[in-house]
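Note sheet for the following structure.
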Amino acid sequence: LVTVVGIFSMMLYISPALTGLIIVMLFVMLNIIKFIGGKSANFFRKQQQNIGAVNGYIEEFIEGQRVVKVFCREEKSKEAFSVHNENFRKSATNAHTCASIIMPIMGNLSYFNFAATATLGAFIIIKTGASELSGISGFLLGGIEGALTLGSLAAFLQYTRQFSNPISQVSQQLNNILAALAGAERIFAMIDTPTEISEGKI
């Protein structure tokens, strides 16, 4: 957070116009993270539910294997296990797919952001020229000094790369948090289950 705030301040100092482009791209990145993160959270939740169903079925099968053998239910039990296992496989595949695509998407967006910023910055330098900038327009395009030079553009592009890295890292860590929360929900649900009190009646 400190890195992002510091870099954003320097970018705003160099060129508010280019910083506006960064803000637009940041808005796009955050919305993508929110959308994929929501999907990922649902899939991780289903994964936890399905793995609970698989483990519960295995325990019941082992405990009741004598009954299964007596009634010749081996094949039926295998088929039921295959259904539970397939449901778990699908939910786990979806969850890890969503978790894996966030980082490449953020990486590609950061490269696109870098290219768009370089293009816009070069256009500003070529179109207006540093010597022609003055007043309000100079501040908006070139920051406090009122001039966007090739050197300041190079510094801004370096800040652009550094600005995207923390966001990408946080988005990657978000997957681990969502997976942990999905497992924690089942734990908290068990903890919050009311205690069954025996009243001595059958």
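Odds and ends about this structure:
- The chain, dipole about Cα centre (Lys/Arg Cβ +1, Asp/Glu Cβ -1), debye to the nearest 20: 360
- GNM remark for the chain: springs join alpha carbons under 10 Å apart, and the peak mean-square fluctuation among 172, 48, 158 falls on 158.
- Residue-level accessible surface for residue 190, protein heavy atoms, 1.4 Å, Å²: 140
- In the assembled protein chains, residue 84 presents an accessible area of approximately 60 Å² (probe radius 1.4 Å).
- Heavy-atom accessible area per residue - the chain, 1.4 Å, Å²: 65
- Residue-span extension gain [residue 115 to residue 187] - 0.36 nm each, minus C-alpha spacing: 21.3 nm
- Considering helices alone, the calculated mean residue ellipticity of the chain at 222 nm is -30500 deg cm²/dmol, with DSSP H runs of length four and up weighted by -39500 (n - 2.57) and normalised per residue.
- Between residue 74 and residue 57, the modelled labels are 1.9 nm apart [label points 7 Å from Cα along Cα→Cβ].
- Using θ = phi - 60° in the Karplus curve 6.51 cos²θ - 1.76 cosθ + 1.60, the 3J(HN,Hα) couplings for the stretch 174-186 round to 4, 4, 5, 5, 5, 5, 5, 5, 4, x, 5, 4, 5 Hz; x is entered for Gly and Pro.
- The chain: angle of helix 16-63 to the longest principal axis, Cα-based, in degrees nearest 10: 10
- Amide hydrogen neighbours beyond the local backbone of residue 64, cut-off 5 Å, H modeled: none
- For the chain: relative contact order, % (alpha-carbon pairs under 8 angstrom, 6 or more apart): 37
- Full-extension gain in nm, residue 101 to residue 89, via 0.36 nm per residue minus C-alpha separation: 2.5 nm
- Nearest 10 degrees, 0 to 90: helix 74-128 Cα axis against the chain principal axis: 0
- Among 99, 53, 80: highest mean-square fluctuation, GNM of the chain, C-alpha pairs under 10 Å: 80
- Helix 2-14 vs. the chain, principal-axis angle (Cα, 0 to 90°, nearest 10): 30
- Per-residue accessible area (protein heavy atoms, 1.4 Å probe) orders 178, 120, 148 as 120, 178, 148, starting from the largest.
- Between residue 8 and residue 66, the contour length at 0.36 nm per residue exceeds the alpha carbon distance by 14.1 nm.
The values are calculated or read from the model by the stated rules, or taken from the named source; none is laboratory data. Model, not experiment: these values are computed from the prediction. A quick note on method: Cβ atoms are made from the backbone with ideal geometry, for glycine too, and the neighbour counts reach across all protein chains shown. We work out accessible area using only protein heavy atoms, side chains counted, and drop any ligands, DNA or RNA first. Shrake-Rupley method; radii C 1.70, N 1.55, O 1.52, S 1.80 Å.
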